[in-house]
Amino acid sequence: MSGNSAEPTDSVDVVLVKGGRTKIRYAAELLSDDGTRIAVRAPWAGNAVRDFGFVRFEAGDVFTEYYWRDRWYAVKEVRDATGALKGWYCDITRPATLSGGELVVEDLDLDLWRSADGTDVRRLDEDEFEESGLTERDPAAAAAAVTALDELEVLATAEGGLESLLE
């Protein structure tokens, strides 16, 4: 099987890599893999509550995560323990790879948040992105990351735009 195809399984380990090191690894249910887009579902993988000020991720939250092999982002639909939609957290990443039960994604620091009601759309961690040195080390990847963030911001502010990625 190719290094980018799903192995026959109903679960995968999501491996988020940042700066060449594994930032977090967690088990997720493989929902679908159409060869381009991979969808998984997992409970909040953090050890504690993460309060960003505009949203809290906590025990009981469920993330339905969408990754692409040909796009520079991942979109995560976040719901609380009752199933109520909190919003969408989008990571700017290199295209995902899935092999041997591991879904590997390289985080490029930039993020976007959109609240459930669409009134709060915010770009996140642009300072971390600048400090990462990616622009100097890999200008093409940095340009792709900024383009992906711009694209997601447009989709997040358009009626049904972000949701259209997840259908």
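Here is a yes/no grid of residues against (1) closer than 15 Å to LYS76 by Cβ; (2) small (Gly, Ala, Ser); (3) at pLDDT below 95:
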| position | (1), (2), (3) |
| --- | --- |
| GLY100 | no, yes, yes |
| VAL104 | no, no, no |
| ASP111 | yes, no, no |
| SER115 | yes, yes, no |
| LEU124 | yes, no, no |
| GLU128 | no, no, yes |
| GLY133 | no, yes, yes |
| PRO139 | no, no, no |
Inter-residue pairs, beta-carbon under 9 Å, first among the polar types (S, T, N, Q) and in segment 21-40, second surrounded by fewer than 12 Cβ atoms within 10 Å (Cβ to Cβ), 6+ apart: THR36/ASP70
Among residues of segment 19-46, those that are part of a loop (DSSP other than H, G, I, E, B) and either touching a helix residue (DSSP H, G or I) at 6+ places or on another chain (Cβ under 9 Å) or closer than 17 Å to VAL75 by Cβ (or both), counted: 5
For VAL15: the one exception among (1) of a type in the set (Val, Ile, Thr); (2) at pLDDT 95 or above; (3) open to solvent by 40 Å² or more (accessible area, probe 1.4 Å); (4) under 26 Å from SER132 (Cα atoms): (3)
Residue match in segment 67-75 (condition: of a type in the set (Ser, Thr, Tyr) and without any contact (Cβ under 8 Å) to a residue 40 or more places away in the chain): yes
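In segment 79-99, what residues are among the small types (Gly, Ala, Ser), without any contact (Cβ under 8 Å) to a residue 60 or more places away in the chain and more than 15 Å from ALA156 (Cα to Cα)?
ALA81, GLY83, ALA84, ALA96 - these are the residues of segment 79-99 that are among the small types (Gly, Ala, Ser), without any contact (Cβ under 8 Å) to a residue 60 or more places away in the chain and more than 15 Å from ALA156 (Cα to Cα).
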Positions within segment 129-152 being over 18 Å from ASP70 (Cα atoms), part of a helix (DSSP H, G or I) and open to solvent by less than 70 Å² (accessible area, probe 1.4 Å), in sequence order: PHE129, SER132, LEU134, THR135
ARG71, sole failed condition from (1) part of a loop (DSSP other than H, G, I, E, B); (2) exposed (fewer than 13 other Cβ atoms within 10 Å of the Cβ): (2)
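How about segment 153-167: which of its residues are hydrophobic (A, V, I, L, M, F, W, C), touching a residue at least 12 places away in the same chain (Cβ under 8 Å) and part of a helix (DSSP H, G or I)? Lay out the reasoning, then the answer.
Of segment 153-167, the ones hydrophobic (A, V, I, L, M, F, W, C) are 154-156, 158, 162, 165-166.
With the extra rule that they be touching a residue at least 12 places away in the same chain (Cβ under 8 Å), the set shrinks to 156, 162, 165-166.
Scanning segment 153-167 gives ALA156, LEU162.
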Test: residue in segment 76-87 that is open to solvent by less than 10 Å² (accessible area, probe 1.4 Å) and touching a strand residue (DSSP E or B) at 6+ places or on another chain (Cβ under 7 Å): yes
Matching residues, segment 111-128, being free of Cβ contacts under 8 Å to residues at least 12 places away in the same chain and assigned to a helix (DSSP H, G or I): ASP127
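Filter segment 47-63 down to the residues that are under 22 Å from VAL12 (Cβ atoms), open to solvent by less than 30 Å² (accessible area, probe 1.4 Å) and either part of a loop (DSSP other than H, G, I, E, B) or in contact (Cβ under 8 Å) with a residue 60 or more places away in the chain (or both) and list them by number. Let's see the steps before the verdict.
Step one: filter segment 47-63 for residues under 22 Å from VAL12 (Cβ atoms), giving 47, 57, 59-63.
If we keep only those that are open to solvent by less than 30 Å² (accessible area, probe 1.4 Å) too, we end up with 57, 61, 63.
Once the filter is applied, which keeps residues that are under 22 Å from VAL12 (Cβ atoms), open to solvent by less than 30 Å² (accessible area, probe 1.4 Å) and either part of a loop (DSSP other than H, G, I, E, B) or in contact (Cβ under 8 Å) with a residue 60 or more places away in the chain (or both), segment 47-63 yields only ASP61.
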Residue in segment 100-110 that is in contact (Cβ under 8 Å) with a residue 40 or more places away in the chain and more than 23 Å from SER32 (Cα to Cα) present: yes
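The values are calculated or read from the model by the stated rules, or taken from the named source; none is laboratory data. Computed from a predicted model, the values in this text were never measured in an experiment. A quick note on method: Cβ atoms are made from the backbone with ideal geometry, for glycine too, and the neighbour counts reach across all protein chains shown. Note: areas computed on protein heavy atoms with side chains; ligands, DNA, RNA excluded. Shrake-Rupley method; radii C 1.70, N 1.55, O 1.52, S 1.80 Å.
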